[in-house]
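First up is the structure itself, then whatever we jot down about it.
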Amino acid sequence: MFYEPHDHGLPHNPFKSLVVPRPIGWISTLSTDGVANLAPYSFFNAASERPPIVMFCAGSLPGPRVKDSRTNAEETGEFVFNMASEALTKQMNDTSGDYPPEIDEFDHAGLTKAPCRKIKAPRVGESPIAFECEYLKTVELPNDGEKTNAVVFGTVVGIHIDESIIGEDGLVDTMRFRPLARLGYWQYTVVDNVFTMTPPE
Ligand SMILES: Cc1cc2nc3c(=O)[nH]c(=O)nc-3n(C[C@H](O)[C@H](O)[C@H](O)COP(=O)(O)O)c2cc1C
């Protein structure tokens, strides 16, 4: 089949099931009032290695409301990427509700606020990987109607790795933390196998 966006003729829009699997950026921030915030973003990725830069895309809530993660990143100048591993599946989902800014999703999901070293926002203590990020810029995207839609970029200024996921060979062992990833609809997958392939000479 071929379709132009919004004219797919299927019971559910297939778009997000066609770019898979997507890593989940589990983004923690602090509000200017000091309330911790945590939410998953699967329009997330690394955008650059040198310097390391990551990005997440914040759509809108009902009406023109801006998502707390974006507001906090812009207003405080920092955010954290936390790895959502298979062991944290339920907690990741618990933090995705449309909660008002005064709700602390760490407490709501029973997660530990671990301190960062270079920024004030907390990271998820149970998460095996966390990037401390300094807010870089927001790029506004086209949007439908009055809704907001934007990509938020951050420069990674500190990286936490739980040493238990580093193998004897010094390589981070993906199988020791099994990243959770997003598919389409309400579907997810877990990275549960890895193979190695070297580029041609
Ligand atoms: C796995 C998963 C991935 C999500 N990815 C995104 C995303 O990329 N962009 C987005 O705007 N919302 C995404 N959401 C919805 C947000 O997590 C949700 O709107 C949340 O309430 C935003 O919280 P905040 O306002 O505290 O930032 C996702 C939800 C789930 C469960």
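The values are calculated or read from the model by the stated rules, or taken from the named source; none is laboratory data. This is a predicted model, so every value here is computed, not measured. Reconstructed Cβ throughout: ideal geometry from the backbone, glycine too, with neighbour counts over all protein chains shown. Ligands, DNA and RNA are stripped out before the accessible areas are found, and what is left, the full protein with its side chains, is counted by its heavy atoms. Shrake-Rupley method; radii C 1.70, N 1.55, O 1.52, S 1.80 Å.
Just a few scattered comments:
- The residue of region 74-88 that is farthest from Asn143 (Cα to Cα), among those that are more than 13 Å from the chain's Cα centre (by Cα) and not in a strand (DSSP E or B), is Ala87.
- Of all the residues in region 58-73, those that are under 27 Å from Asp162 (Cβ atoms) and either without any contact (Cβ under 8 Å) to a residue 60 or more places away in the chain or assigned to a strand (DSSP E or B) (or both) number 2.
- Some residue of region 52-74 being surrounded by 13 or more Cβ atoms within 10 Å (Cβ to Cβ), more than 13 Å from the ligand (Cβ to nearest atom) and not acidic (Asp, Glu): yes
- Selection within region 113-151 - within 22 Å of Met92 (Cα to Cα) and open to solvent by 60 Å² or more (accessible area, probe 1.4 Å): Lys113, Pro115, Lys120, Glu126
Quick grid of which residues meet (1) over 26 Å from Tyr188 (Cα atoms); (2) within 16 Å of the ligand (Cβ to nearest atom); (3) among the aromatic types (Phe, Trp, Tyr):
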site: Phe81; (1), (2), (3): no, yes, yes
site: Tyr99; (1), (2), (3): no, yes, yes
site: Asp104; (1), (2), (3): no, yes, no
site: Thr112; (1), (2), (3): no, no, no
site: Pro115; (1), (2), (3): yes, no, no
site: Lys118; (1), (2), (3): yes, no, no
site: Ser127; (1), (2), (3): no, yes, no
site: Lys137; (1), (2), (3): yes, no, no
site: Phe153; (1), (2), (3): no, yes, yes
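- Criterion: in contact with a Phe, Trp or Tyr (Cβ under 6 Å, 6 or more places away or on another chain), open to solvent by 40 Å² or more (accessible area, probe 1.4 Å) and of a type in the set (Val, Ile, Thr) - qualifying residue of Ile159, Ile165: Ile159
- Residue count for region 22-51, restricted to those that are among the polar types (S, T, N, Q), assigned to a loop (DSSP other than H, G, I, E, B) and either on the phi > 0 side of the Ramachandran plot or more than 10 Å from the ligand (Cβ to nearest atom) (or both): 1
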